[in-house]
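Taken together, the values in this text are just the output of simple stated rules run on the coordinates, not laboratory data. All figures in this text were calculated on a predicted structure; none of them were measured in a lab. Because the Cβ atoms are built from the backbone with ideal geometry, glycine has one as well, and the counts that use them run over all protein chains shown.
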Amino acid sequence: MAEAKYCRYVLGFCFDDDCEKVLLIEKRRPAWQAGRLNGIGGKIEAGETPAQAMVREFAEETGDTVPGSLDWRPFARLCGGGWEVWVFYAKMEGWIPRSLDGVDVGEGVTRIVTISKLNLSPTLPGLRYLIPMACNHLSKADRAPFFQIFESSVPPELDEAKGEPAQKGGGICGKPATQVIHDERERYKELRQAWLDLGGYEDPLNPDEELQLGLAIELAEHAVAMDRKRRASAVRKIRARRQ
């Protein structure tokens, strides 16, 4: 049997100097995103680091019309069954040029959006928490250097409550928790390298590799604990409804 393909993407949010506006794309495709706003990004090509892919995707999707180079900084990695998304932010000096609003990039049209009015526009669900997270990073209101967000499988108790067969597998990202922790041991070097590839930006991660490895494992173990809490909460709610 052929090994399942693991897809890797980047997603970026470009803000103005005051973090009041953000450059997004009103998508035409893929079909499930049509008519909704998303960040700028795409697939990571073979041999690319996430940072390199982010620079390339932004240049391609804005027609390479932005003066100077932007300092793209990663702040999160989303992980699901068979995919991951590295999430970046950048800040333009002053304001976002109006020439970037309404640019047809094939798969959609660029839009300069006022962040305070973002809830009035149709967006992909993740933007409603990823954009505030990026703004907090920009303003240094959040002390965490990096976030890893794991998509867990649906707790079997919820499926059973709906009279549906429980999903097999469990764990995180469609993998057993122990496998996730093992994978994090292998991936933490890539995470560190992505920061270093930014060039000239102070590495926010502890230079002691043993401590950084411990951070990656701690993140995975925290996700395991959260998954267990969600399952326990689901069981309590089901029992309460049955009483």
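In table form, for the structure just shown:
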{"item": "GLN148 long-range amide H proximity, modeled H, under 5 Å", "result": "ARG77"}
{"item": "Phi-based couplings in Hz for region 138-143 (Karplus 6.51, -1.76, 1.60; Gly and Pro marked x)", "result": "4, 7, 6, 6, 10, 7"}
{"item": "Placed amide H near THR49: partners under 5 Å, 5+ positions off or other chain", "result": "none"}
{"item": "Under the Karplus curve 6.51 cos²θ - 1.76 cosθ + 1.60, θ = phi - 60°, whole-Hz ³J(HN,Hα) for region 85-102, x wherever Gly or Pro sits", "result": "10, 8, 10, 10, 9, 8, 10, 8, 6, x, 10, 7, x, 5, 5, 8, 8, x"}
{"item": "Point-to-point label distance, LYS5-GLU60, nm (Cα→Cβ direction, 7 Å offset)", "result": "1.4"}
{"item": "Per-residue HN-Hα couplings for region 42-55 [Karplus 6.51, -1.76, 1.60; θ = phi - 60°; Hz; x = Gly/Pro]", "result": "x, 6, 7, 7, 4, x, 8, 8, x, 5, 5, 5, 5, 4"}
{"item": "Spatially near lysine pairs across region 1-150, Cα under 18 Å, sequence gap of 8 or more or different chains", "result": "6"}
{"item": "Modelled FRET efficiency - R0 22 Å, TYR129 with VAL109, Cβ distances, 0.05 increments", "result": "0.35"}
{"item": "Point-to-point label distance, SER69-ASP101, nm (Cα→Cβ direction, 7 Å offset)", "result": "3.0"}
{"item": "Percent antiparallel among DSSP beta bridges (both partners in region 1-151, rounded to 5)", "result": "60"}
{"item": "Dimensionless Rg over Rh [region 1-151; C-alpha; Kirkwood]", "result": "0.95"}
{"item": "Interchain or long-range residues, amide H under 5 Å from LYS91's placed H", "result": "PHE15, ASP71"}
{"item": "Residues GLN52 and ALA31, FRET efficiency given R0 of 30 Å [Cβ-Cβ distance, rounded to 0.05]", "result": "0.55"}
{"item": "Summed residue charge, Cβ within 10 Å of TRP95's Cβ, Lys/Arg positive, Asp/Glu negative", "result": "-3"}
